[in-house]
Structure formats: C-alpha cells, structure tokens
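Trainee: Submitted below is the structure of interest, expressed as structure tokens.
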Amino acid sequence: MNDTTKPLNFIEKIIEEDLASGKTKQVHTRFPPEPNGYLHIGHAKSICLNFGLAKKYGGVCNLRFDDTNPEKEDVEYVESIKRDVEWLGFKWEGDIHYTSDYFDQLHTWAVELIKADKAYVCHLSQEETREYRGSLKEAGKDSPFRNRSVEENLEEFEKMRLGEYEEGACALRVKIDMASPNMQMRDPIIYRIKKATHHQTGDKWCIYPSYDYAHGQGDAIEGITHSVCTLEFVEHRPLYEWFLENLAVPATPRQYEFSRLNVNYTITSKRKLKQLVDEGVVKSWDDPRMPTISGMRRRGYTPKSIRDFIDSTGVTKVDGVVDVSQLEFAVREDLNINSPRAMCVLNPLKVTLINYPVEETEYMTAPVHPQNEDMGTRTLIFTREIFIDKEDFREEANKKYKRLVIGKRVRLRNAYIIEADECVKDENGEIIEVIARIIENTVGKNPEDGIKAKGVIQWVSAEHNVDCELRVYDRLFNDVAPDAGGKDFMESVNPDSLQVLTGCKAEMALQDPVSDVPYQFEREGYYFLDADTENDPEKGIDNQKLIFNRTISLRDTWK
C-alpha cells in the first residue's frame, strides 16, 4: 500500500503513528475550497495531498465547499472546482459537502456559547473593533458590550438572525482573551450580518459564520481525522481547538499545517487573478496563461504532469518559492513520452519539386510516436508542391545552418531528400517560392551518390493539408515575483504573452484531431486543441477552423 522507496513526509509519519497506536481507525481527510474563484496551482498541492493521503492509507477524502461568504461565491465556481478535482484524477467520498449544510447546527452551537456566557453581541464598528483589538506589541481592550447579560445577548443575536440590524451594525464574538499574544484569540467574530442570497440556502439566512468558527466544527461533523491546512493557519490552530473544547462536537479532529506552494513568475491570489479577468488582461479564468487548473488544462498540461510536479515539491513546514521551470520540466517529461507526433508548418513557403510528376500523389507511412510502436502509424500525403517553413530556407548560409539552402540538400521528415535550385521573389524582394528537386530513391535511405542531407525539416502537401490557427503562449509575467513587496503586479504583465499565428498548415492526420491529447508538432513544440475550435466534419474541411494552443516549447528557452 505504501511507497517504501520514498521517505515519508512529516504528515505521513503522524498518520502512520496514529494508525499504529490505534488512535486513528481510518484516515479521513477533506479538501475545503471557498467557491469564490477558480482553483490555481497552489490548490493543486492541497488537492493532491489531501486526496493522496486518503488513498495511500486506505481512507477517504471529502470535498467540502467553504461557502460562508455569499457575496463572493457563485455556482460557476462550485462547478469549476468539481471539474478540476476530477480532472486531476481524484474522487471525493460520498456526496459533496457544503459548510452551509451545517448552518442550523452552527447556529445552535452559537446559541449554546451565548448561554454559557462565552459569546456576546458586539456593536462596535469595524474601525472600533480593530482599535480595541490592539497590536502585536499592545494588548487589546475589552469591548464595552463584552459584559452584557446572557439574556440580552440571546435577544440581540435573535435580532441579528431576523434581519433587524443592517450589515456592519453588530457581530457575534466569543469571549477568550483580549490580552492574548495570539491575535486570533482576542475575542474573534464568529457571526456577521450579510444580507445576500446564498447559492445553496437562498434567503434563509442573513447571518453567516466565520471560517474560523465553521472550520473545525465542519471537520468534527464529518469525522475528519487529519485536517491539513497551509502554514498561515498555524496561528488559527489554538482557536480551532478552543471551539472543539467548548462545544459538544461529535469528534475531535486535529489540524496540521504544511507550507503552501509558491511558484515564481506567478500570482495565486484569487482577487488578483479575478482582476486580470475583469480588466481584460486575459480572456477568462481558463485562459491558458492563467495559473488556474482550468487554464493549465486548456493549455494542454496533463493531470499526471501536475501531479508529478506537486510530488517533486515535497511536503514541509518551510516556506519557499519553486521555480516555474520545475513545473515546465514535468510537463515536457510527460508529453515527450505520451504525445502523438504531427507536422505543422507555421509560416508556409511553397516549394515546387520540378522533377516530381504533376499528377502524382504518394502516400507515406510515419510513426505516431518514434519510440512507441503501440501508438501505431499515420499517413502522409506527398505531392509535387509542398509547404515548408520560411525559417527553413535561405539563399545562402554558413555551415551551421542545417536546413535548405540553394545548392544544398535537406531531408523532408519521413520522406525524400530534396535539393534547392533557385527561389522566386515578389516585387518587394520577398521569397515566395523555392524551386527544388527530389533526390530519387531516398525515402528512408541515403542517396546513392553519397551526398547526404544537411538536416531534417517538416513539410506538408500544398494541396492536402489542414489550415489552423496557433496560439503561442509565453509566461504572463516578466517579473520573477510579480506582486512581492507591495508591487503593482499589473506592471509586470508580459505584453508578448500571446502571439496568434494564422494560416498555419498541418498534415492531414490532424483533420480529425484528438481533443484531449497534446500533439508534438515536430521541431516546433507541444500543441493542444483549443475549446474555440470549430470542428464540424459535416461542413467539410474547408470550413473548419482548427485552433491549437502551444502547451510548451520543446526546450526551455526562457531567459
């Protein structure tokens, strides 16, 4: 069951000790996202960790939406999160859970806290509350409403529930210690007024529990054994435990913290990601330049590559920044092994092979993957006129140039060796055609005259090809730390993060492309069919518009 080839991380050690001692009968974890935006690469680590721990130790993992802030939440985000978790390869236990499922119970417990004189309704304004809270150097001071009677607090809390107060007029706080060195323990708010329609409960409630109040109780209700959070919740753990100790909860889960995933050249603040969408810097939450899971999926990153990347970062208690090239390496590694090959000419230049019969059409066989025979073969159509990339031809060149030059030879991938004789230019001096010859009997073999080709280039038939648009993506930010130190991250946006290439020509094998598998366009990069593609076979190939996103270049060329 366990992978003994890899050292255990600190959470795995805790779990194994709990299982061995009998403290834990079955591991039960949860992934509790707030549905106020799309998940990003940082959430992917939490998903992989929580679901991975449950799977490794034969346990279960819940998907629970922390839906305590109806103003910022939406069903769109709920659905996107469900898709992301499943796409990454995980399945939650039983039905989906919502914190809103527990609103009645949370309200009952809040009333019990009031009856035990452990909670009070406070009418301080937000500004006054901050002032009374103190600072890291100064103790806070008691609210003037802290010593209200139990009866008065019950009455005031009921008025809150009935909507008799406006938002911000008051809040329910718990009595802990306004002098505590831990700011989280200075009479934190557990209920606030929000007169907004909730996506699950409608207009039933106008008061909503805080995350800190709902978190541990939700874990207890669901029987969570190991509540795994990121390091910023270390200071919240005493509060988490205080609620469990002061309420009659059905179980006592434990909270454990690990370092969150920080990646350079990336931002993961949902608020800032939303700003990118709202201001039109990117097209949508799933724009392939976004660090969202849906954006990476649309770009062509694979679930395995993301899981491998997450695994390579480890689970520790030390914050740090991971180089984005580590993620890109994982993507390349997976795609190199699993991506079918195809040829695509990005900037077409016509080549006329004058010694090849005008009416002849030749069918050649090429492997779908050069190292994997099980992936089968594909058919290439060869004709007198072909397209090569403009970058693959020069009239003159030095010895380092390994492509087509007048008087020199080059091999067409999986086809003939050809030799260029001359080129044709337009009135502006631009090369518009190359006149060349095939070297006969060179398909799959070297020429009989012993003069070998300088290099290998891709090509497609000028008559039989698929027209497509390529969207070439680069990193969204030029700054290694776009929002560090209070910087305006918008000033670091890379203006060249998207280049759209139209009129590209691909081989006929892409006439009916696989929609969920990235292709390696030989010598160009890895490309993935975009959701914007209009691919209706009934319209005929001339009316199709294939759009491919560049997932990643063949090599790391970032400088």
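Trainee: Residues that are modelled with pLDDT of 95 or more, more than 30 Å from Leu404 (Cβ to Cβ) and of a type outside the set (Lys, Arg): does region 456-476 have at least one?
Mentor: yes
Trainee: Show the residue pairs meeting these rules: Cβ distance below 8 Å; 6+ apart or different chains; first residue within region 196-209 and within 13 Å of Tyr102 (Cα to Cα); second residue among the small types (Gly, Ala, Ser).
Mentor: Note: pairs meeting the criteria are Gln200/Ser100; Thr201/Ser100; Pro209/Ala110.
Trainee: With the requirement that a residue be closer than 16 Å to Val315 by Cα and loosely packed, with under 14 Cβ neighbours inside 10 Å, what does region 6-29 give you?
Mentor: Passing the criteria: Lys6, Pro7, Phe10, Lys13.
Trainee: Could you please find all residues in region 470-522 being within 30 Å of Thr361 (Cα to Cα), out of contact with any helix residue (DSSP H, G or I) (no Cβ under 8 Å at 6 or more places or on another chain) and surrounded by 17 or more Cβ atoms within 10 Å (Cβ to Cβ)? Break it down stepwise before answering.
Mentor: Residues of region 470-522 that are within 30 Å of Thr361 (Cα to Cα), as a first pass: 470, 501-515, 517-522.
Subsequent filtering for residues that are out of contact with any helix residue (DSSP H, G or I) (no Cβ under 8 Å at 6 or more places or on another chain) retains 470, 501-510, 513-515, 521-522.
Correct list: Leu470, Cys504, Lys505, Ala506, Glu507, Met508, Ala509, Leu510, Pro513, Phe521, Glu522.
Trainee: Is it true that Ile381 is touching a His at 6+ places or on another chain (Cβ under 6 Å) and in contact (Cβ under 8 Å) with a residue 12 or more places away in the chain? Walk me through it before giving the result.
Mentor: On the way: touching a His at 6+ places or on another chain (Cβ under 6 Å): yes; in contact (Cβ under 8 Å) with a residue 12 or more places away in the chain: yes.
Judged against the criteria, Ile381 is a match.
Trainee: Something else: Checking Tyr363 against (1) among the aromatic types (Phe, Trp, Tyr); (2) outside any helix (DSSP H, G or I); (3) closer than 29 Å to Val228 by Cα, only one condition comes out false. Which one?
Mentor: Result: Tyr363 fails condition (3) only.
Trainee: Among Val277, Val331, which is surrounded by fewer than 21 Cβ atoms within 10 Å (Cβ to Cβ) and of a type in the set (A, V, I, L, M, F, W, C)? Break it down into steps so the answer makes sense when it comes.
Mentor: Working: Val331 fails: surrounded by fewer than 21 Cβ atoms within 10 Å (Cβ to Cβ).
Checking each option against the conditions leaves just Val277.
Trainee: Given the residues Phe157, Phe103, Phe145, which is the only one that is touching a Pro at 6+ places or on another chain (Cβ under 8 Å), at pLDDT 95 or above and among the aromatic types (Phe, Trp, Tyr)?
Mentor: The match here is Phe103.
Trainee: Another one. Could you please tell me which pairs satisfy a Cβ distance under 8 Å, a separation of 6+ or placement on different chains, a first residue in region 402-427 that is in the same structural domain as Glu522 (by TED's automatic domain parsing) and over 11 Å from Lys452 (Cα atoms), and a second residue that is of a type in the set (S, T, N, Q) and surrounded by fewer than 19 Cβ atoms within 10 Å (Cβ to Cβ)?
Mentor: So the pair list comes out as Asn414/Thr365.
Trainee: Hey, can you tell me all the residues within region 318-347 that are over 19 Å from Glu522 (Cβ atoms) and either of a type in the set (A, V, I, L, M, F, W, C) or modelled with pLDDT of 95 or more (or both)? Write out each step before concluding.
Mentor: Step one: list which residues in region 318-347 are over 19 Å from Glu522 (Cβ atoms), which gives 318-330.
Val318, Val321, Val322, Asp323, Val324, Ser325, Gln326, Leu327, Glu328, Phe329, Ala330, listed by residue number.
Trainee: Then there's this: So which helices (runs of 4 or more DSSP H) are wholly in region 31-140 and hold at least 1 residues that are farther than 30 Å from Gly168 by Cα, out of contact with any helix residue (DSSP H, G or I) (no Cβ under 6 Å at 6 or more places or on another chain) and in contact (Cβ under 8 Å) with a residue 40 or more places away in the chain?
Mentor: On the way: elements: 41-56, 75-87, 103-115, 126-133.
By residue number, 41-56, 75-87.
Trainee: Considering region 154-189 alone, what residues qualify as being buried (at least 19 other Cβ atoms within 10 Å of the Cβ), among the basic types (Lys, Arg) and over 16 Å from Ala139 (Cβ atoms)?
Mentor: Within region 154-189, just Arg173 meets the criteria.
Trainee: Shifting gears a bit: Out of the residues in region 190-225 that are in a loop (DSSP other than H, G, I, E, B) and touching a strand residue (DSSP E or B) at 6+ places or on another chain (Cβ under 7 Å), which is surrounded by the fewest Cβ atoms within 10 Å (Cβ to Cβ)? Break it down into steps so the answer makes sense when it comes.
Mentor: At the first step, the residues of region 190-225 found to be in a loop (DSSP other than H, G, I, E, B) are 194-197, 199-201, 203-206, 210, 223-225.
Now drop any that are not touching a strand residue (DSSP E or B) at 6+ places or on another chain (Cβ under 7 Å), which leaves 194, 200, 205-206, 210, 223-225.
On the way: Lys194: 16, Gln200: 17, Trp205: 22, Cys206: 19, Ser210: 19, Gly223: 14, Ile224: 25, Thr225: 24.
The selected residue is Gly223.
Trainee: Select from region 429-444 the residues that are of a type outside the set (A, V, I, L, M) and farther than 14 Å from Val410 by Cβ and write down the one among them that is surrounded by the most Cβ atoms within 10 Å (Cβ to Cβ).
Mentor: Here the answer is Glu433.
Trainee: Quick check on region 30-79: of everything there that is within 15 Å of Asp286 (Cβ to Cβ) and crowded, with 20+ Cβ neighbours inside 10 Å, which residue is farthest from the chain's Cα centre (by Cα)?
Mentor: So, considering only residues that are within 15 Å of Asp286 (Cβ to Cβ) and crowded, with 20+ Cβ neighbours inside 10 Å, the one farthest from the chain's Cα centre (by Cα) is Tyr77.
Trainee: Would you be able to say whether some residue in region 429-442 is out of contact with any strand residue (DSSP E or B) (no Cβ under 7 Å at 6 or more places or on another chain), assigned to a loop (DSSP other than H, G, I, E, B), more than 18 Å from Pro348 (Cα to Cα) and not acidic (Asp, Glu)? Show your work before the answer.
Mentor: Filtering region 429-442 for residues out of contact with any strand residue (DSSP E or B) (no Cβ under 7 Å at 6 or more places or on another chain) gives 429-430, 440-441.
Filter once more, keeping what is assigned to a loop (DSSP other than H, G, I, E, B): 429-430, 440-441.
With more than 18 Å from Pro348 (Cα to Cα) added as a condition, the list becomes 440-441.
If we keep only those that are not acidic (Asp, Glu) too, we end up with 441.
Scanning region 429-442 turns up at least one residue that is out of contact with any strand residue (DSSP E or B) (no Cβ under 7 Å at 6 or more places or on another chain), assigned to a loop (DSSP other than H, G, I, E, B), more than 18 Å from Pro348 (Cα to Cα) and not acidic (Asp, Glu).
Trainee: When the residues of region 384-400 are filtered to those that are outside any strand (DSSP E or B) and in contact (Cβ under 8 Å) with a residue 40 or more places away in the chain, which remaining residue is surrounded by the most Cβ atoms within 10 Å (Cβ to Cβ)? It would help to see each step written out before you state the result.
Mentor: Restricting attention to region 384-400, the residues satisfying the condition of being outside any strand (DSSP E or B) are 384, 390-392, 395-400.
Adding the requirement that they be in contact (Cβ under 8 Å) with a residue 40 or more places away in the chain leaves 390-392.
Working: Lys390: 16, Glu391: 13, Asp392: 23.
So the residue we want is Asp392.
Trainee: Among the residues of region 466-522, which ones are in a loop (DSSP other than H, G, I, E, B), under 17 Å from Val368 (Cα atoms) and more than 19 Å from the chain's Cα centre (by Cα)? Can you show your working first?
Mentor: Within region 466-522, the first condition is being in a loop (DSSP other than H, G, I, E, B), and the residues that meet it are 474-476, 478-483, 487-488, 494-497, 507, 512-518, 522.
Cutting the leftovers down to under 17 Å from Val368 (Cα atoms) gives us 507, 512-518, 522.
Scanning region 466-522 gives Glu507, Asp512, Pro513, Val514, Glu522.
Trainee: Is there a residue in region 338-354 that is aliphatic (A, V, I, L, M), assigned by TED's automatic domain parsing to the domain that holds Pro518 and under 25 Å from Met290 (Cα atoms)?
Mentor: yes
Trainee: Separate question: Using the structure shown, decide if Asp95 is of a type in the set (D, E, K, R) and buried (at least 18 other Cβ atoms within 10 Å of the Cβ).
Mentor: Values: of a type in the set (D, E, K, R): yes; buried (at least 18 other Cβ atoms within 10 Å of the Cβ): no.
The answer is no for Asp95.
Trainee: Could you tell me which of the residues Thr99, Thr5, Thr68 is outside the structural domain of Pro253 (by TED's automatic domain parsing) and farther than 21 Å from Phe258 by Cα?
Mentor: On the way: Thr99 fails: outside the structural domain of Pro253 (by TED's automatic domain parsing); Thr68 fails: outside the structural domain of Pro253 (by TED's automatic domain parsing).
Step by step, each of Thr99, Thr5, Thr68 is checked, and only Thr5 is outside the structural domain of Pro253 (by TED's automatic domain parsing) and farther than 21 Å from Phe258 by Cα.
Trainee: Go through Arg307, Arg332, Arg298, Arg289 for me and flag whichever is basic (Lys, Arg), within 17 Å of Tyr265 (Cα to Cα) and outside the structural domain of Glu86 (by TED's automatic domain parsing).
Mentor: Numbers: Arg307 fails: within 17 Å of Tyr265 (Cα to Cα); Arg332 fails: within 17 Å of Tyr265 (Cα to Cα); Arg298 fails: within 17 Å of Tyr265 (Cα to Cα).
Only one candidate qualifies: Arg289.
Trainee: If a residue must be crowded, with 18+ Cβ neighbours inside 10 Å, touching a helix residue (DSSP H, G or I) at 6+ places or on another chain (Cβ under 7 Å) and outside any helix (DSSP H, G or I), how many such residues does region 141-153 contain?
Mentor: Just the residues of region 141-153 that are crowded, with 18+ Cβ neighbours inside 10 Å, to begin with: 143, 148, 153.
Next, only the ones that are touching a helix residue (DSSP H, G or I) at 6+ places or on another chain (Cβ under 7 Å) stay: 143, 153.
Subsequent filtering for residues that are outside any helix (DSSP H, G or I) retains 143.
Result for region 141-153: 1.
The values are calculated or read from the model by the stated rules, or taken from the named source; none is laboratory data. Keep in mind that what you see is a predicted model, and the values were worked out from it rather than measured. Using ideal geometry, Cβ is built from the backbone for each residue, glycine included, and neighbour counts are taken over all protein chains shown.
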